[in-house]
Amino acid sequence: MDSRPNPSFEVDPDKIGWITFDDPDRTLNVLTEPVMRRFGQALDEARAAGREGRITVLVVRSGKADSFIAGADIDAIAALDDATEAEAKIRLGQAVFNDLASLPIPSVAAVHGACVGGGLELALACTHRVVSDSKKTGLQFPEVMLGILPAWGGTTRLPRLVGLQASLDMLLSGRKTDAQKAKRMGLATEVVPEGLLAAKVRDFALGVARGQGPAHPRKRALTARLLESTPPGRKVLLAVARKKVLASTGGHYPAPLRILKILGAHAAGSVEASLAAEAKAAAELVVGPVCKSLVHVYYLREGVRKGTGTADPQLTPTPVKSLGVLGAGIMGGGIAHLAADNGVQVYMKDIRHEAVTGGLQHARGRFDKAVERRKLSRREAAQRMDLIAGGLDFRGIAGVDLVVEAVVERMDVKRAVLRETEDHVGSECVLATNTSSLSVDGMAEALQRPERFCGMHFFNPVDRMPLVEVVRGRTSSDQAVATVYAFALRLGKVPVVVRDGPGFVVNRILGPYLNEAGYLLGDGATIERIDGAAKAFGMPMGPLRLIDEIGIDVSRHAGAALHEALGERLAPSPVLLALGNTKRLGRKGGVGFYLYEKGDEKRIDETVYAELGSVVPAPKDMAEQEIVNRLMLAMINEAARVLEEGVIGSASAVDLAMIMGTGFPPFRGGLLRYADSLQPQAVRYDLEELRQTHGARFEPARSIVELAESNGRFYRMYP
């Protein structure tokens, strides 16, 4: 057994000191407090070796095959609830990295794979960064996505290295930077071939030890230097960045604003003052409610990533190497593109040549956009497009591992297509339907092997929406569910397993929310007021704007289906019924509640009030809180019923589905975490008040009554 400390320090015959991170108990290197303390000791050893002339350069590397350092310990972040303690721990990390930055000998970070958070801060504290050109290599500050900021020197050192303008995107968005971009912006000193990293790092280190620095140090553009070198220039840059942050977050996320404040006050000042500001700000953020909610969401996603979608965590899903897609429309083409983008061979089948051609063009268009945005090279895009084929017969899907049906949303058509497909695939092939509203059990009745069948509900647009509802029918086997679940993970999606039922989970909970927006409009609230209140709460768009986005005709059909299945409490509002009788289609038709030009929202269409006639009264000044209460309680009430009926297994699964499927504000931790924060007695009381005023649609669900009587919580009742 290897008893070396982590990290270890050693000296080679060329007088290179090597500090190697290699956690024996984890697949990734994580900067826990014991690891950081040991790193400090290793730096003391390196400093002594440098004084004694035994080393002339230090290299920091990873012993892991495909990653450098994955950042700080999330569990430790989650456990912090005292700002004073948090600041002390942050200052400890800063002190260790300051020791690295102040070594009397040059230091080199050898970066391959994930270099995230504290790992990138460590690399920034080194004199140089030699980075592999691997696709697996990514340099990233994801702290802002956890409601905090890089506080071990990242907010301080990055702008001093690459400039204020270049650092803003990394610090404020949490986006990953690849090796070539890192080189262009001056973050990477050198980029070397993945297979030659070890040899190239050694050569680079020896050159640095001899005083031979990089051949061509990066020079920032003149305009950037002029902007960043003066207080007025920096003020302009930060003001523009602040405006963008507020536009995209609504001011609900304090971390990016604190980052901008630190940069404004300290970007041109002393490092020590900036580090102190980092530590203070991060300590206040890490114990705040937004950080706690975002860490909660992180754990939800991690739980999904490690699961199988079944009760058996050891179940091995069938690997999907080839995929059949039935139906080459927008959804089919989107699914084909996504699969090919992740290295899966795809065959699209349709009954019309024009449809197949359209599906292939849709996929090609997505790859072309990736090339335009420098996400892929032309060669990579062509290679991925070559994975997609299409035709009118079944021969192309004869040997596939999984078939996803994405034909027209009609039960008779889907049953016929699936029944015919079953005769042309192997007995081990899993069939899945991409239905958004039809019964999976109803389709399974048409199959000879219903145990090999389940739902795989993608949300539109396929490449952007992260959620996939994996719909487990009565006869679906664990193997089928696990296979579809694992395939969704491979595609980079967030799968949530649900039972068959009207609207499954997301659309069912969303239905009362959209319907209540119609009732609010019928009670005199304006479009601007309704959508503004929802956005102020944190929703990515208001409910009426969302109806436009979905399509007024589609929304009407979905609402009617929920009404038929769930009864009068889902009776469509008179306003939405009247809207469905107009020629308005929403964004796809250029006019709905809003006007659109070339698909872009322009403004509210005020003529909609006159067209809706008597069902919309004269506007009245309705309080924002009343609007929010009615919208949110409609969803909470339906979510409670979904749990009672066993359509989904836990409160946390509801929250993950709503965050990933509707954009419910992550800073609130999820719909039912938000409900728990309101207290069950208050939720029941508000629902009873609304029921008395607005009718039976606000009748509290049984579980809400039980929670109020026992002072319970959704997360305890449905763990």
Discussion item. Taking 23 Å as the cut-off for C-alpha to C-alpha distance, list the pairs among Lys135/Lys176; Lys306/Lys369; Lys136/Lys349; Lys135/Lys200; Lys493/Lys588; Lys183/Lys243 that go past it.
Written reply: Lys306/Lys369; Lys136/Lys349; Lys493/Lys588; Lys183/Lys243
Worksheet item: Antiparallel as a % of all DSSP beta bridges within segment 74-179, to the nearest 5?
Response: 10 percent
Item to complete: Please identify every one of the GluC sites (Glu not before Pro) in segment 416-457 that sits in a loop by DSSP and has no more than 16 other beta carbons within 10 Å of its own beta carbon.
Response: Glu428, Glu445
Worksheet item: To the nearest 10 Å², what's Leu489's accessible area with a 1.4 Å probe?
Response: 50 Å²
Practice prompt. Could you tell me whether segment 319-387 comes out rounded, prolate or oblate from its Cα gyration tensor? Rule is a ≥ b ≥ c as square roots of the eigenvalues, rounded for a/c under 1.5, then prolate if a/b exceeds b/c, otherwise oblate.
Written response: oblate
Worksheet item: Calculated from DSSP H runs of 4 or more alone, at -39500 (n - 2.57) each and per residue, what is the 222 nm mean residue ellipticity of the chain, nearest 500?
Response: -16000 deg cm²/dmol
Worksheet item: Taking a probe of 1.4 Å, how large is the accessible area per residue of the chain, in Å²?
Response: 43 Å²
Worksheet entry | Under 18 Å from the Cα of Lys181 - aspartates and glutamates, other chains or at least 8 residues apart | Glu121, Asp133, Asp169, Glu190, Glu194, Glu372, Glu380
Worksheet item: Lys89: which lysines have alpha carbons under 23 Å from its alpha carbon, excluding same-chain residues fewer than 8 sequence positions away?
Response: Lys261, Lys280, Lys292
Fill in: FRET E, pair Val11, Arg716, Förster distance 56 Å, beta-carbon r, rounded to 0.05
0.50
Fill in: Orientation-averaged projected area, Cα convex hull of segment 51-111 (nm²)
5.8 nm²
Worksheet entry | Value of Rg/Rh across the chain [Cα atoms, Kirkwood radius] | 1.00
Worksheet item: Dipole magnitude of the chain about its Cα centre, charges +1 at Lys/Arg Cβ and -1 at Asp/Glu Cβ only, in debye to the nearest 20?
Response: 2560 debye
Worksheet, complete the sentence: Where a ≥ b ≥ c are root eigenvalues of the Cα gyration tensor, a/c under 1.5 meaning rounded, otherwise prolate if a/b exceeds b/c and oblate otherwise, segment 140-263 counts as prolate
Practice prompt. Averaging sequence separations of C-alpha pairs under 8 Å and six or more residues apart, then dividing by the length of the chain, give the relative contact order as a whole percent.
Written response: 8 percent
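Of the heavy-atom accessible surface of the chain (probe 1.4 angstrom), what whole percent is carbon and sulfur?
It is 52 percent, rounded to a whole number.
Where a ≥ b ≥ c are the square roots of the eigenvalues of the C-alpha gyration tensor, would you call segment 89-214 rounded, which needs a/c under 1.5, or, failing that, prolate if a/b is larger than b/c, or oblate?
Taking the square roots of the gyration eigenvalues as a ≥ b ≥ c, segment 89-214 is oblate.
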Practice prompt. Using label points projected 7 Å from each Cα along Cα→Cβ, tell me how many nm separate Lys235 and Leu206, to one decimal.
Written response: 5.3 nm
Worksheet item: Against the longest principal axis of the chain, how steep is helix 83-101, in degrees 0 to 90 to the nearest 10, with axes from Cα atoms?
Response: 50 degrees
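The values are calculated or read from the model by the stated rules, or taken from the named source; none is laboratory data. On a predicted model such as this, the values are computed, not experimentally measured, just so you know. As a convention, Cβ positions derive from the backbone with ideal geometry for all residues, glycine included, and neighbour counts pool all protein chains shown. Side chains are part of the model used for accessible areas, which takes the heavy atoms of the whole protein and leaves out ligands, DNA and RNA. Shrake-Rupley method; radii C 1.70, N 1.55, O 1.52, S 1.80 Å.
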